[in-house]
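Participant: Got a structure for you, questions after.
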Amino acid sequence: MIAKIFSSAISGIDAYIVQVEVDIARGLPAFSTVGLPEGAVRESKDRVKSAIKNSGFEFPSHRITVNLAPADIKKEGSAFDLPIAIGILTAEDLISSTIVSSYLILGELSLNGEIKPIRGTLPTALSVKDNGFRGLIVPEANALEASVVEGIEIIPAQTLGQVTEFLRGLSPIQPLNQEPKRPFSLLQDYPFDFNEVKGQEQVKRALEIAAAGGHNIIMVGPPGSGKTMLAQRLPSILPDLTFEEALETSKIYSVIGLMPRDQALITSRPFRSPHHTVSDAGLIGGGQVPRPGEVSLAHNGVLFLDELPEFKKNVLEVLRQPLEDGRVTISRAITSLTYPARFMLVAAMNPCPCGFLSDPQRECHCTYPQIQRYKSKISGPLLDRIDLHVEVPSVKFKELAGQSDGESSNTIRERVKAARERQKTRFHSKTLFCNAQMGPRLIKKYCTLSPDSQNLLEQAMEYLGLSARAYHRILKISRTIADLENSEDIAPHHISEAIQYRNLDRRLL
């Protein structure tokens with residue numbers, strides 16, 4: 001008899017349906033799996049055999065053939081263990097094929113029949129709903145993650161025996177369902193706050209502008225000036241994730257297996273800070289079967305690159321595409337996958353190899369060629385894609401010892417949210433979320449300048465020798481500054497403030 005079980009596999013951050021066909025025929029005992037199975041899938045036969053026996057069922061002593069369709073796509077992972085086992089029991093007439101066809105089944109089996117957690121449950125649950133299945137049978141540890149999808153039954157499974165009894169109608173399992181937006185009532189407070197930062201008011205202002213417009217920013221200053229401290233607090237002033245953003249971000253974490261077991265969704269904006277020894281595959285994504293990298297894990301959040309010149313040059317150059325397009329395409333001989341990567345880049349660096357070039361208290365011993373070599377590690381095209389360049393001076397003793405606190409993150413976030421709401425209204429008919437995502441056509445439409453503003457910008461372009469990309473960056477930053485002031489027009493003082501955030505263009509970096 002042939003049994004057909006529905007399961008799924010992951011491609012990028014989306015799931016597609018896989019039909020697990022099991023045929024038990026007369027002949028010498030054998031177990032073969034076809035349909036381009038990877039190593040973990042081929043090894044499932046041993047886990048399935050032990051799990052069936054240790055769950056109290058008899059393993060058939062016949063020729064068993066398992067086909068994973070579509071057969072022209074490689075299947076990887078251990079999530080096919082449970083559907084293969086259920087397929088064998090269905091082919092033996094222990095389970096009704098009519099009931100089984102209503103559910104999509106996923107799970108890894110241990111040798112004693114227990115069901116272990118898997119990756120990619122959230123995109124699978126979305127696929128179940130789109131394809132009209134009644135429900136999804138998943139490991140109990142993954143049920144919370146899948147329960148945010150409305151309209152389907154989420155069956156949390158602990159053992160193979162329990163699933164078998166459920167499908168035979170002998171022992172019901174209570175579905176796990178919750179209000180999809182309930183996780184947003186459980187928002188966690190950020191552990192950092194801007195009122196803990198002493199001084200650095202100009203840098204705080206630049207970070208507020210960056211948050212309001214979704215702009216990339218680089219901070220240049222001596223060691224101990226607070227660059228890392230400031231970057232860690234940037235997520236605390238960003239607007240809360242929308243449900244759609246949280247769903248897309250959670251899908252990325254789900255497919256890579258980083259979704260916290262006690263959370264149904266990622267409800268706070270990600271903050272990723274990879275070490276400067278990261279490889280290009282680790283940053284951008286890759287591998288034999290392409291996986292998301294740090295830029296995708298920072299989707300809808302912040303990617304912080306500390307000590308930027310210490311990163312390998314080839315690693316930094318791969319950032320160009322995601323910074324421009326908001327996505328990453330990884331091509332291999334057998335497949336090509338695209339992952340979302342819309343993030344805010346926050347970079348930090350010293351002004352010279354020793355770090356004390358701009359420090360009035362300490363002497364810099366670097367030679368001019370050393371400083372130039374150090375700064376030239378960051379290419380001009382990459383620097384052009386960073387909107388704001390900010391100097392972070394050393395903090396004076398009076399500021400450190402002062403008792404007064406600065407503005408809290410909540411106060412700053414309210415201004416940022418108001419500016420983002422204006423941008424949301426402006427771009428309501430377009431797939432844009434903030435000013436940083438405007439292209440040349442929208443810049444021309446929404447960043448019109450008065451004659452005074454036009455003259456000021458023209459003089460700055462000629463005097464500083466700014467590139468065309470820098471010109472567009474200044475216009476977008478000016479638009480964001482105007483939004484923070486609730487101004488429809490871009491005034492000369494908006495332009496002048498935006499120009500001062502292009503410091504590194506003046507130094508022939």
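The values are calculated or read from the model by the stated rules, or taken from the named source; none is laboratory data. Remember, it's a predicted structure, so these values are computed and weren't measured experimentally. All Cβ positions, even for glycine, are placed from backbone atoms using ideal geometry, and neighbour counts span all protein chains on display. Heads up: the accessible areas ignore ligands, DNA and RNA and are worked out on the full protein's heavy atoms, side chains in. Shrake-Rupley method; radii C 1.70, N 1.55, O 1.52, S 1.80 Å.
Participant: Stretched out fully, how many nm does the piece from Met461 to Glu201 gain, at 0.36 nm a residue minus the Cα gap? Numbers along the way, then the final one.
Facilitator: Values: separation 260, 0.36 × 260 = 93.60 nm, distance 2.69 nm.
Working it through step by step, the gained length comes to 90.9 nm.
Participant: Accessible area of the range 1-134 with a 1.4 Å probe: how many percent of it is carbon plus sulfur?
Facilitator: Looking at the range 1-134 in its full context, I get 47 percent from C and S.
Participant: Just to confirm the number: angle between the C-alpha axis of helix 44-54 and the first principal axis of the chain, 0 to 90 degrees, nearest 10?
Facilitator: 50
Participant: For the range 238-315, which trypsin sites (Lys or Arg not before Pro) are in a loop by DSSP, counting at most 11 other Cβ atoms within 10 Å?
Facilitator: Hits after loop and neighbour filter: Arg261.
Participant: Please go through the residue pairs Lys312/Lys375; Lys204/Lys251; Lys204/Lys424 and name each one whose alpha carbons sit more than 21 Å apart in this structure.
Facilitator: As for pairs spanning more than 21 Å Cα to Cα, those are Lys204/Lys251; Lys204/Lys424.
Participant: Let me ask another. In degrees from 0 to 90, rounded to the nearest 10, what is the angle of the helix 468-484 Cα long axis to the longest principal axis of the chain?
Facilitator: 90
Participant: Once you charge only the Cβ atoms, +1 for Lys and Arg and -1 for Asp and Glu, what is the size of the charge dipole of the range 189-288 about its Cα centre, to the nearest 20 debye?
Facilitator: Magnitude of the dipole: close to 300 debye.
Participant: Using Cα positions and a limit of under 12 Å, work out the aspartates and glutamates in reach of Lys45, with same-chain residues fewer than 8 apart set aside.
Facilitator: Excluding near neighbours in sequence, the set is Asp81, Glu108.
Participant: Could you name the aspartates and glutamates whose alpha carbon sits less than 15 Å from that of Lys198, not counting residues in the same chain fewer than 8 places away?
Facilitator: Glu399, Asp405, Glu407
Participant: Test of the criteria: in the range 402-502, which trypsin sites (Lys or Arg not before Pro) are in a DSSP loop and have at most 15 other Cβ atoms within 10 angstrom of their Cβ?
Facilitator: Of the trypsin sites (Lys or Arg not before Pro), the ones in loops of the range 402-502 whose Cβ has at most 15 other Cβ atoms within 10 Å are Lys430.
Participant: Something else about it: Which whole-number percent is the relative contact order of the chain (Cα, under 8 Å, 6+ apart)?
Facilitator: Values: 1003 pairs, mean separation 66.6, N = 509.
13 percent.
Participant: Given a 1.4 angstrom probe, what's the average accessible area per residue across the range 443-509, in square angstrom?
Facilitator: 50
Participant: Over all Cα pairs of the range 394-467, how is the pair count split among 10 Å bins, expressed in % and running from 0 up to the last occupied bin?
Facilitator: Binned Cα distances yield the sequence 14, 25, 25, 26, 9, 0.
Participant: Tell me the GluC sites (Glu not before Pro) within the range 113-168 that lie in a loop according to DSSP and have at most 14 other beta-carbon atoms within 10 Å.
Facilitator: Hits after loop and neighbour filter: Glu150.
Participant: On to the next question. Taking every DSSP beta bridge with both residues inside the range 266-421, roughly what % is antiparallel (nearest 5)? Let's see the in-between values first.
Facilitator: On the way: 7 of 13 bridges.
Counting DSSP beta bridges with both partners in the range 266-421, the antiparallel share is about 55 percent.
Participant: Between Gln500 and Leu111, how many nm apart are label points set 7 Å from Cα along the C-beta direction?
Facilitator: 6.9
Participant: Right, something else. Please report the carbon-and-sulfur percent of the accessible area for the range 401-509; probe 1.4 Å, protein heavy atoms only, DNA, RNA and ligands left out.
Facilitator: Solvent-exposed carbon and sulfur of the range 401-509 make up 50 percent of the total.
Participant: Tally the DSSP beta bridges in the chain and give the antiparallel ones as a percent, rounded to 5.
Facilitator: Within the chain, antiparallel bridges account for around 45 percent of the total.
Participant: Moving to a separate point now. Round to the nearest 10 and report in Å² the accessible area of Glu497, as given by a 1.4 Å probe over the protein chains' heavy atoms.
Facilitator: Ignoring ligands and nucleic acids, Glu497 comes out at about 30 Å².
Participant: While we're looking at this one, here's another question. For Lys129, list the aspartates and glutamates whose Cα falls under 20 Å from its own Cα; do not include residues on the same chain fewer than 8 positions away.
Facilitator: Result set, ordered by chain and number: Asp14, Glu140, Glu145, Glu150, Glu153, Glu179, Glu244, Glu245, Glu248.
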